[in-house]
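Structure record follows, encoded as structure tokens.
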């Protein structure tokens with residue numbers, strides 16, 4: 001975008017003509033014209049701005065505590081402005097290079113703080129809070145941008161006053177479920193959709209370069225280990241968003257956003273830049289005590305790609321192994337030196353972003369994750385122990401075991417014959433499939449009978 005075009009947009013925003021400025025950016029939108037970082041940041045600020053609330057008049061003389069928080073100039077950002085800005089961001093995400101659009105996002109790999117902005121508009125100054133955030137997950141939270149309450153004067157003594165509204169603590173407590181609350185503000189779901197579009201397109205471009213399918217931009221939103229070395233793994237913030245999406249009963253679009261984010265995180269496990277075992281343990285710890293049924297149902301809804309099948313097998317087996325009183329220690333998924341790919345070491349002060357390294361240094365071979373999954377012998381052993389010593393009867397273990405078997409079967413068909421599990425091949429070729437199913441599944445569970453019949457029919461024809 002040239003200086004003249006940028007000046008026209010700046011003039012609109014400085015005069016509080018926000019809709020006109022957004023419309024002008026939309027008219028100028030082409031794959032070759034990238035908006036400035038400042039304009040992108042302001043669009044994101046518009047998108048995140050809470051709906052305005054009209055309240056009764058506030059007498060400035062009688063409200064000294066609120067006067068101290070009064071803005072000198074009033075922001076009049078309508079819901080229409082916020083929707084238009086978010087729609088334009090989504091268009092940028094689908095038509096421009098993800099790395100260019102991502103300049104608006106805060107991340108752990110770089111700072112977006114740019115105090116050299118020449119714009120004098122109030123919105124430009126207010127939007128710096130986005131650049132100063134740690135990551136993109138923080139800006140989605142309720143209260144990241146406080147809602148302004150504008151009161152209209154009804155007497156001569158009262159005057160128009162804009163204050164920030166405090167968080168409603170009672171509302172936050174009522175919304176607490178699955179161990180998460182308000183990690184996505186009610187008005188920020190469309191911004192989350194924009195982020196998901198950006199990360200998904202980044203995955204596609206990364207795969208097109210011959211690398212595993214993962215998003216370097218998403219990896220930038222996950223903190224590095226404290227010592228600055230090794231693979232990343234601490235994805236508590238996006239995991240909280242996934243769990244929060246599961247609380248949105250009846251809202252299919254939000255549930256799908258949670259599923260899409262889960263798929264993106266699982267795809268990171270295809271590389272040794274993201275620690276599969278640590279992430280698996282983190283997910284299990286969070287999910288087992290909060291939303292095991294709901295999260296596993298979401299996991300089963302994902303496309304059965306190889307990375308998804310790997311994660312399904314590992315997590316379902318972990319549930320199975322930890323469900324028995326005598327087998328609370330899951331040995332098959334402990335970190336094994338031979339199963340861990342050597343991570344790319346980075347010094348703590350390395351400022352090169354992951355996406356820059358993927359172009360110049362990373363190759364498919366150097367970052368491909370080497371994961372050792374539980375063998376079929378491990379799965380059978382955990383099922384035998386669980387059948388004898390069931391610990392938690394609230395978890396649908398027959399369903400979990402059924403999904404574990406189907407996921408393991410699908411994964412085996414994706415492997416060359418010489419790489420398939422010996423125990424699995426022996427079961428299919430030994431002629432005792434039906435007997436083994438009866439021995440492993442709980443005969444007292446009516447659902448288990450149905451699952452055994454399905455597995456027997458499906459697996460009997462496999463080589």
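Each of 298, 427 was scored by other Cβ atoms within 10 Å of its Cβ. Arranged with the fewest first, they read 427, 298.
Per residue, how big is the convex hull of segment 234-285 when only Cα atoms are used? Give it in Å³. Walk me through the intermediate numbers first.
Values: hull volume 3.3 nm³, N = 52.
Per-residue hull volume (Cα only) is 63 Å³.
We did not get these values from a lab; they are worked out from the coordinates using the rules stated. Remember, predicted model here, so these are calculated numbers, not experimental data. When we count neighbours, we look across all protein chains shown, and the Cβ atoms used for this are built from the backbone with ideal geometry, even at glycine.
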